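The values are calculated or read from the model by the stated rules, or taken from the named source; none is laboratory data. This one's a predicted model, so the numbers in the text were calculated from it and none came from an experiment. Backbone-built Cβ (ideal geometry, glycine too); neighbour counts: all protein chains shown. The protein model used for the area step is the full one, side chains on, heavy atoms only, and it has no ligands, DNA or RNA in it. Shrake-Rupley method; radii C 1.70, N 1.55, O 1.52, S 1.80 Å.
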Amino acid sequence: MFQIIFNELSAAEISALPKKLQLELLSQFQILPEDLDRLGSDRFGVIEREGKKLYRYRARDYRIYFAKTDEGIKVHRVLHKNTFRDFLFRSKLPVSEDAQLGQTHEFWKLIEEGEKTRRV
């Protein structure tokens, strides 16, 4: 059975948003694990480091960071776009947003914080 699983941190992030916005974001986040094999939209990105693959989905002004699991999709973080946009603007690195994030220790620290929380 396919599931979308929110860890404790990502569940808290999305539940802090107004209910109408939550519904809009979740209605836009329509994905099946097999869809990840053929990403072609600018809404999706792939971030990799040391063999670990994380996906990014753009929904309105938010970014949903998630991984593919045996059960379905595990959401690690739900962040406003300006969280990393300011960093990327300041760094001015000549590579894509996802490539920059993959090399940034602070980004992976955010993801690992979510992994250390209980499953919701």
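Full-extension gain between GLU48 and LEU21, please, as 0.36 nm times their residue separation minus the C-alpha to C-alpha distance. Can you show the working numbers first?
Working: separation 27, 0.36 × 27 = 9.72 nm, distance 2.88 nm.
So the extension gain works out to 6.8 nm.
With all protein chains present, calculate the accessible area of ILE5 using a 1.4 Å probe and round the result to the nearest 10 Å².
10 Å²
Could you tally the net charge around LYS52, taking each other residue with its Cβ under 13 Å from the Cβ of LYS52, Lys/Arg +1 and Asp/Glu -1? Could you put the intermediate results ahead of the total?
Working: positive: ARG49, LYS53, LYS68, LYS74; negative: GLU48, GLU50, GLU112, GLU115.
Summing Lys and Arg as +1 and Asp and Glu as -1 gives 0.
Can you give me the distance in nm between label points at ASP61 and LEU36, each placed 7 Å from the Cα along the Cα-to-Cβ direction?
Between ASP61 and LEU36, the label points sit 2.9 nm apart.
Per-residue counts of other Cβ atoms within 10 Å, averaged by peptide: what ranking do you get for 63-73, 20-30, 104-114, highest first? Mind showing how you got there, number by number?
Details: 63-73: 17.7, 20-30: 13.3, 104-114: 14.9.
Those peptides, ordered most packed to least, come out 63-73, 104-114, 20-30.
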